[in-house]
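What follows is a single structure, written as structure tokens, with notes after it.
The values are calculated or read from the model by the stated rules, or taken from the named source; none is laboratory data. Only a predicted model underlies this, so the values are computations on that prediction, with no experimental measurement involved. When we count neighbours, we look across all protein chains shown, and the Cβ atoms used for this are built from the backbone with ideal geometry, even at glycine.
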Amino acid sequence: MTALTPTKAIIADAARRSGFSRAQITGDDRRRAVVYVRDAVTWAISASSGLSLARIARILGDRNHSTVIAALRRAAPRRDNDDAFRALTDALCGAAEAALSARCMPVLKPEIAKPQRGDGHGPTPAEREVLDLWDAGDSIQAIALTLDCKEQRVRDIVSTYHIRPTRDLVGFERMARAGSAALLAAITATGRSFA
């Protein structure tokens with residue numbers, strides 16, 4: 001069985017948590033409770049995927065992108081003022097992250113991620129350049145400027161190889177190293193030995 005895509009994982013988790021079917025969440029049901037869940041799904045997909053509004057609209061039942069904009073405008077204050085909504089959107093983003101991690105594990109293995117095209121697998125040298133800059137923490141705009149290519153091309157490469165979790169892990173690794181360095185400095189400042 002293949003792992004769910006992050007967007008499908010969000011919708012499936014929302015259906016499980018709310019009791020509404022996936023068809024109700026992505027359909028035309030306008031009951032307040034369904035719209036509440038749909039707004040949470042919309043916000044979670046937008047926050048976790050970087051997809052365009054038009055793409056999100058297609059995922060959510062071939063809607064217009066302005067419907068997505070309206071949902072995001074409703075979701076922003078709800079996240080600030082409604083603890084249940086914030087918890088739901090955070091959980092949905094967690095489902096997307098878990099799905100992405102499950103799908104990315106094979107891609108992130110060095111022996112799989114390093115091959116060059118020639119054998120028909122793995123990124124081309126140009127794609128590898130984009131991925132290396134992404135892993136280093138550069139933004140899509142910065143990568144496009146550095147490599148003199150279109151931002152959409154960079155987005156396509158990053159989404160093709162599902163590299164988003166790696167960037168998140170790089171940021172986490174930097175924070176952990178900074179915290180470890182601060183802790184080591186504090187221990188050293190005490191003059192005591194901890195063995």
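Data overview
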{"quantity": "Pairs, first in the same structural domain as Ala71 (by TED's automatic domain parsing) and under 15 Å from Ala99 (Cβ atoms) in region 10-25, second of a type in the set (Lys, Arg) and surrounded by fewer than 22 Cβ atoms within 10 Å (Cβ to Cβ), C-beta under 7 Å, six or more apart", "calculated": "Ile11/Arg22; Ala12/Arg22; Ala15/Arg22"}
{"quantity": "Tally of residues being within 15 Å of the chain's Cα centre (by Cα) and part of a helix (DSSP H, G or I) across region 134-163", "calculated": "9"}
{"quantity": "Residue pairs meeting the criteria (Cβ under 7 Å; at least 6 apart or on separate chains; first outside the structural domain of Leu51 (by TED's automatic domain parsing) and under 18 Å from Pro123 (Cβ atoms), in region 136-154; second among the basic types (Lys, Arg) and surrounded by 11 or more Cβ atoms within 10 Å (Cβ to Cβ))", "calculated": "Ile140/Arg155"}
{"quantity": "Of the criteria (1) in a helix (DSSP H, G or I); (2) surrounded by fewer than 19 Cβ atoms within 10 Å (Cβ to Cβ), which one Ile25 fails", "calculated": "(2)"}
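Residue by residue, here is whether (1) within 16 Å of the chain's Cα centre (by Cα); (2) crowded, with 20+ Cβ neighbours inside 10 Å; (3) outside any helix (DSSP H, G or I) holds:
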{"position": "Ala47", "(1), (2), (3)": "yes, no, no"}
{"position": "Leu51", "(1), (2), (3)": "yes, no, yes"}
{"position": "Ala54", "(1), (2), (3)": "no, no, no"}
{"position": "Ala57", "(1), (2), (3)": "no, yes, no"}
{"position": "Thr67", "(1), (2), (3)": "no, no, no"}
{"position": "Ala70", "(1), (2), (3)": "no, no, no"}
{"position": "Arg74", "(1), (2), (3)": "no, no, no"}
{"position": "Arg79", "(1), (2), (3)": "no, no, no"}
